[in-house]
Amino acid sequence: RLRVLSGIQPTADSFHLGNYLGALRQWVRLQDTHETFYCVVDLHAITVEQDPKVLLERTRRSAAQLLAIGVDPQRSALFVQSQVPEHAQLSWVLECQTGFGEAGRMTQFKDKSAKQGTDRASVGLFTYPILQAADILLYQANAVPVGEDQRQHLELTRNLAQRFNNRYGKTFTVPEPHIVKDTAKIYDLQDPTAKMSKSASAANGLVELLEDPKRSAKKIRSAVTDTGREVRFDPEEKAGVSNLLSIYSALTERTVADLETAYEGKGYGDLKKDLAEVLVEWLIPLQERVQSYLDDVAELDRVLAAGAHRAREVAAATLAATYERIGFLPPA
Ligand code: TYM
């Protein structure tokens, strides 16, 4: 079976709809066809300052959300990155294969470091995409389900894999991004030209999976749309409506064309009201499941420990092969 790996940062109290529709939904689906490895990337989280108590809490909340949306620990290795030390170890090796300028061209780094100022931005923020490459290459992943914003990091990962293979002999599988076009980029509800983002969006611009569903409904009803009336998918002219149609379609499995027909002669208000209902009905049971996982932290930690053990078997084998290729002594 082909392998899949993906990761998500535990940097918010809740995942948002962009995370879910862009990536996590695909994580769940790929379990049917692939051998799947999914991690909560706490090492990535500390590239910006984190409060230790909050980080610990968010790591568990992240795992609980992944279980609640349907990541199945029987079928997937679900683990926390820091519990598999090979990630940091391979990352060092890959850092030594990466050009300084090459890393400097990563747009997420440029954006984030520009915001923080280069003196305050950490070196970890600079090497972040290389740790991400290590995450992927350790598992010989063939496919990596992510949103559009990760495309450049995936390209770097592919380049590093190819470069290492050329220099030292075939060691890594060269992975393909798995980006589902219709939901690759979910937009901010208040600014439908920007992506929905936990760091950049205003509170009303993003739907959090764990917020009060009444609040989510209100956000949908007050989403920014154009001054027209016609419910039509047209990202150029009708960015807001098109974003709502993408979300609606993904949550209901109804095609956008079908929705356009259903809302012929109706206004944006009807569309928003119905989508708000769909969303609330999806969120309520989801939140109950999250809570039930959080009610038993000991069990949650056991699930994650078991996932880490499974992940480590694969990761350790790849790291050992890598060390040998490089010319390191055998394990002491
Ligand atoms: P992160 O934690 O920012 O986001 C998790 C996933 O959500 C996707 N995403 C979106 N998709 C569509 N529309 C949006 N508005 C939207 N916002 C976020 C992201 O593309 C991502 O797939 N660097 C990664 C974490 C990572 C990783 C990895 C991913 C670390 N190691 C290895 C894949 C493989 C990140 O910051 O994702």
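Could you work out how far the C-alpha centroid of the stretch 284-329 sits from that of the stretch 59-111, in angstrom?
11 Å
Given N residues in the stretch 75-134, what is its alpha carbon radius of gyration divided by 2.2 N^0.38 Å?
For the stretch 75-134, the normalised Cα radius of gyration comes out at 1.27.
Beyond 19 Å, what share of the Cα-Cα pairs of the stretch 7-64 is found? Please give it as a whole percent.
32 percent
What number, in percent, do you get for the relative contact order of the chain if the mean sequence gap of Cα pairs under 8 Å and at least 6 apart is divided by its residue count?
23 percent
From the phi of every residue in the stretch 300-315, what ³J(HN,Hα) in whole Hz does the Karplus formula 6.51 cos²θ - 1.76 cosθ + 1.60 yield, where θ is phi - 60° and glycine or proline is x?
Residue by residue, the stretch 300-315 yields 4, 5, 5, 4, 5, 5, 4, x, 5, 4, 4, 5, 4, 4, 6, 5 Hz.
To one decimal place, what orientation-averaged projected area in nm² is obtained for the convex hull of the Cα set of the chain?
About 18.0 nm², averaged over all directions.
Of the DSSP beta bridges with both residues in the chain, give the percent that are antiparallel, rounding to the nearest 5.
15 percent
For the stretch 172-327, compute Rh as the Kirkwood radius over C-alpha pairs and then the Stokes-Einstein diffusion coefficient at 25 °C and 0.890 mPa s; write the answer in µm²/s, rounded to an integer.
Diffusion coefficient, whole number: 132 µm²/s.
Let me understand the stretch 125-169 better: what is its radius of gyration from the alpha carbons, and its Dmax, in angstrom?
10.6, 31
Rolling a 1.4 Å sphere over the protein heavy atoms, what is the accessible area per residue of the stretch 1-146, to the nearest Å²?
With all protein chains present, the stretch 1-146 gives 39 Å² per residue.
Looking at the stretch 103-206, what % of the alpha carbon pairs are farther apart than 23 Å?
39 percent
Leaving out ligands and nucleic acids, note down the accessible area per residue over the stretch 208-248 with a 1.4 angstrom probe, in whole Å².
Counting only protein heavy atoms, the per-residue value for the stretch 208-248 is 51 Å².
About the Cα centre of the stretch 216-296, what is the dipole size in debye to 20, counting +1 per Lys and Arg Cβ and -1 per Asp and Glu Cβ, all else neutral?
320 debye
Could you work out the relative contact order of the stretch 72-154, using alpha carbon pairs under 8 angstrom and six or more residues apart, expressed as a whole percent?
Normalised by residue count, the contact order of the stretch 72-154 is 38 percent.
If one puts a single equal scatterer on every Cα of the stretch 175-253 and applies the Debye formula without solvent, what log₁₀ I(q)/I(0) results at q = 0.16 Å⁻¹?
At q = 0.16 Å⁻¹ the computed log10 ratios are -0.61.
So what's the projected area for the stretch 261-332, the Cα convex hull averaged over all directions, in nm²?
The orientation-averaged projected area of the Cα hull of the stretch 261-332 comes to 10.5 nm².
Treating the angle as unsigned and between 0 and 90°, give the value, to the nearest 10°, between the Cα long axis of helix 52-69 and the longest Cα principal axis of the chain.
With rounding to tens, the tilt is 70 degrees.
Counting alpha carbon pairs within less than 8 Å and at least 6 residues apart, what relative contact order, in whole percent, applies to the stretch 7-148?
32 percent
Just the accessible area per residue of the stretch 271-330, please: how many Å² with a 1.4 Å probe?
Here the residues of the stretch 271-330 average 58 Å² of exposed surface.
Leaving out ligands, DNA and RNA, and with a 1.4 Å probe, what % of the accessible surface on the chain is carbon or sulfur?
51 percent
If the elastic network links every pair of Cα atoms under 10 Å, which of ASP135, ASP270, ASP258 fluctuates the most in the Gaussian network model of the chain?
The residue that fluctuates most here is ASP258.
Once you have the alpha carbon radius of gyration of the stretch 1-109, what is it after dividing by 2.2 N^0.38 Å, with N set to its residue count?
Taking N as the residue count of the stretch 1-109, the ratio is 1.15.
Rounded to the nearest 500 deg cm²/dmol, what is the calculated helix-only ellipticity per residue at 222 nm for the chain, with -39500 (n - 2.57) per DSSP H run of length n ≥ 4?
Rounded to the nearest 500, it is -16500 deg cm²/dmol.
Tell me, what ³J(HN,Hα) does each residue in the stretch 271-278 have, in order and in whole Hz, if you take phi through Karplus 6.51 cos²θ - 1.76 cosθ + 1.60 with θ = phi - 60° and put x for Gly and Pro?
Working through the residues one at a time gives 4, 5, 4, 5, 5, 4, 5, 4 Hz.
The values are calculated or read from the model by the stated rules, or taken from the named source; none is laboratory data. Here the structure is a predicted model, which is why all the values come from computation and not from measurement. Please note: Cβ atoms are built from the backbone with ideal geometry, for glycine as well, and neighbour counts cover all protein chains shown. Note: accessible area is taken over every heavy atom of the protein model, side chains too, but ligands, DNA and RNA are not part of it. Shrake-Rupley method; radii C 1.70, N 1.55, O 1.52, S 1.80 Å.
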